[in-house]
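Heads up, the thing below is written out as structure tokens.
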Amino acid sequence: MRLLLMSDTHLPKRARELPAPLLAELPHADVVFHAGDWVDTATLDLLESRCRRLVAVYGNNDGPDLRARLPEVAYAELGGLRFGAIHETGPAQGREKRCAARFPDLDVLVFGHSHIPWDTTAPTGLRLLNPGSPTDRRRQPHCTYMTATAADGRLTDVELHRLPPRVPRRPGPGRARSHRERP
């Protein structure tokens, strides 16, 4: 079972649309995870229409429309593994211990919020995965997402994918250049 993991898309605030390489992965995924901070319902509608199965949660930047359609925590059993998805897990320090205590029945927890890719395993065996953000790299060198395979009770082929830099928008009529944009 091929998995596609993303979080923190922040559309249309951080980008106008999901990156083409990420959209090209959708038909190859059996299950898509989105760990919150969508910001717009159009992205949820898009993924619901294109994904075979979507496991998704709302994030701290998601308003009432998204919170009405998505849970804070989502669960799924896939390929013999028990998955959970949540947006926030708190500070990096102590994350494994804290999440293992909160989710003792999970094998894998997909989370977001920090925009920082993360792949660790708690002493209890809980695997923690944060795919970063495909649209807002913040202090990271690249925008990212993850893929993985779940089969026979094992998670394999976990891969962090780096996306190419976005081409900056050109100023249109009535839109001034910011100090960061170059002609």
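Some points to look at:
- From the alpha carbon centroid of segment 12-43 to that of segment 105-121 is 18 Å.
- DSSP bridge pairs, segment 2-162: antiparallel proportion in percent, nearest 5: 60 percent
- Annotation: amide H of residue 33 within the under-5 Å range of 4, 5, 6, 55, sequence separation 5 or more or interchain, hydrogens built in the peptide plane.
- Taking θ as phi - 60° and the Karplus parameters 6.51, -1.76 and 1.60, the scalar couplings of segment 40-51 work out to 10, 7, 4, 5, 4, 4, 4, 5, 4, 7, 10, 9 Hz in sequence order, x denoting glycine and proline.
- Averaging the sequence gap over all C-alpha pairs within less than 8 Å and six or more residues apart, then dividing by the number of residues, gives the chain a relative contact order of 22 percent.
- Placing a pseudo-label 7 Å from each Cα along the Cα-to-Cβ vector at residue 105 and residue 139 gives an inter-label distance of 3.7 nm.
- GluC sites (Glu not before Pro) lying in DSSP loop within segment 21-72, provided at most 13 other Cβ fall within 10 Å: 72
- Alpha-carbon Debye profile of segment 52-168, log10 I(q)/I(0) at 0.11, 0.23 Å⁻¹: -0.38, -1.46
- Under-5 Å amide H pairs with residue 109, H placed in peptide plane, nonlocal only: 84, 127, 128, 129
No value in this document is a laboratory result; all are computed from the given coordinates. In this text, all values refer to a predicted model and were calculated from it rather than measured experimentally. As a convention, Cβ positions derive from the backbone with ideal geometry for all residues, glycine included, and neighbour counts pool all protein chains shown.
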